[in-house]
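Here's the structure we're looking at; comments come further down.
The values are calculated or read from the model by the stated rules, or taken from the named source; none is laboratory data. All values reported here derive from a predicted model rather than from experimental measurement. Glycine also receives a Cβ, built like all others from the backbone with ideal geometry; neighbour counts cover every protein chain displayed. Only protein heavy atoms, including side chains, enter the accessible area calculation; ligands, DNA and RNA are left aside. Shrake-Rupley method; radii C 1.70, N 1.55, O 1.52, S 1.80 Å.
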Amino acid sequence: MKIVFDFGAVLFRWHPPSFLARVWGHRAADEIQGAALAKDLFQDYSGDWGAFDQGLIDAATTADRIHARTGWPREEIVAVMDAVPTELQLIEGTATLIQELKAQGHTLHFLSNMPEPYADYLEQTFPLKDWFVSGVFSGRVKQSKPSQAIFDLALAQFDAKAEDVLFLDDHPANIAAAKALGWQAHLFTTPELARQDLVRRELLPA
């Protein structure tokens, strides 16, 4: 079994409502306001940010487009984009799962919607090459989940058949897309629940 990890909100913290409340306190006094801002800023990872995720536009162009669309000061948008790496902190429980799975002899890969600047940051900051045999970042292949193209590309990269892959991702749309293509999948919410599912699948000891 090859096990494939998403990154945002699975291996690395990604919670836009609290992130925006932290870095944009003058606009978001709490997570409720942060959630509303996140819808406008990230557009459910479509639009401007979706193009950034796919590597179709660079960071400067993304900031220009968000500024033109929202009217927010460009320097504030840039400040938020520059703060994203501070949000991407390691989720220790998932890191422990990775070590457990590796100890059991499983092959691990990753499949992440991630703009190139943040992919570079993660590679420079964390031992991804120690944890994973290989992986796919959307920003480098110009495709993103949940499109079939990136799942097909990932299978080729991982030298795997769909039925021999277990995919852990926090977005229902990505899980649905994977299952439709024959992948096994787990909708990630917490490392603890993920571990329970891995035990149930007999991929980890109880």
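Only one residue in Asp152, Asp82, Asp164, Asp159 is among the charged types (D, E, K, R) and farther than 25 Å from Lys2 by Cα, so which one is that?
Values: Asp152 fails: farther than 25 Å from Lys2 by Cα; Asp164 fails: farther than 25 Å from Lys2 by Cα; Asp159 fails: farther than 25 Å from Lys2 by Cα.
Exactly one residue qualifies, and that residue is Asp82.
Return yes when Ala83 is part of a helix (DSSP H, G or I), small (Gly, Ala, Ser) and open to solvent by 50 Å² or more (accessible area, probe 1.4 Å) and no when it is not.
Numbers: part of a helix (DSSP H, G or I): yes; small (Gly, Ala, Ser): yes; open to solvent by 50 Å² or more (accessible area, probe 1.4 Å): no.
Spelling it out, it is not the case that Ala83 is part of a helix (DSSP H, G or I), small (Gly, Ala, Ser) and open to solvent by 50 Å² or more (accessible area, probe 1.4 Å).
I want to confirm something. Restricting to segment 147-166 and keeping residues that are touching a residue at least 60 places away in the same chain (Cβ under 8 Å) and out of contact with any His (no Cβ under 7 Å at 6 or more places or on another chain), which single residue is nearest to Gln99 (Cα to Cα)? Working first, answer last.
Taking segment 147-166 as the starting set, the residues that turn out to be touching a residue at least 60 places away in the same chain (Cβ under 8 Å) are 154, 158, 160, 164-166.
Adding the requirement that they be out of contact with any His (no Cβ under 7 Å at 6 or more places or on another chain) leaves 154, 160, 164-165.
Working: Ala154: 22, Ala160: 21, Asp164: 20, Val165: 18 Å.
That would be Val165.
What residue, among those in segment 17-26 that are touching a residue at least 12 places away in the same chain (Cβ under 8 Å) and farther than 29 Å from Leu97 by Cα, is surrounded by the fewest Cβ atoms within 10 Å (Cβ to Cβ)?
Here the residue is Val23.
So which residues in segment 172-184 are surrounded by 21 or more Cβ atoms within 10 Å (Cβ to Cβ) and of a type outside the set (Phe, Trp, Tyr)?
To start, the set of residues in segment 172-184 that are surrounded by 21 or more Cβ atoms within 10 Å (Cβ to Cβ) comprises 174-175, 178, 183.
Those that are surrounded by 21 or more Cβ atoms within 10 Å (Cβ to Cβ) and of a type outside the set (Phe, Trp, Tyr): Asn174, Ile175, Ala178.
Could you list, in sequence order, all residues of segment 1-16 that are open to solvent by 20 Å² or more (accessible area, probe 1.4 Å) and touching a Leu at 6+ places or on another chain (Cβ under 8 Å)?
Matches in segment 1-16: Met1, Lys2, Arg13, Trp14.
What helices (runs of 4 or more DSSP H) completely inside segment 102-171 contain at least 2 residues that are among the polar types (S, T, N, Q) and either open to solvent by 10 Å² or more (accessible area, probe 1.4 Å) or over 25 Å from Glu92 (Cα atoms) (or both)?
Values: elements: 116-125, 128-131, 138-141, 148-158.
The qualifying helices (runs of 4 or more DSSP H) are 116-125, 148-158.
Would you please list the contacts, defined by Cβ atoms under 8 Å and residues six or more apart or on different chains, that run from a residue in segment 124-142 that is free of Cβ contacts under 8 Å to residues at least 60 places away in the same chain to a residue that is open to solvent by 30 Å² or more (accessible area, probe 1.4 Å) and among the hydroxyl-bearing types (Ser, Thr, Tyr)?
Qualifying pairs under 8 Å: Val133/Thr107.
Considering only residues that are touching a strand residue (DSSP E or B) at 6+ places or on another chain (Cβ under 9 Å) and not in a loop (DSSP other than H, G, I, E, B), look in segment 187-206 and name the one that is surrounded by the most Cβ atoms within 10 Å (Cβ to Cβ).
First, the residues of segment 187-206 that are touching a strand residue (DSSP E or B) at 6+ places or on another chain (Cβ under 9 Å): 187-188, 193-194, 197-198, 201, 203.
This time we only want the ones that are not in a loop (DSSP other than H, G, I, E, B), so: 187, 193-194, 197-198.
On the way: Leu187: 17, Leu193: 12, Ala194: 20, Asp197: 15, Leu198: 22.
Applying the filter and picking the extreme gives Leu198.
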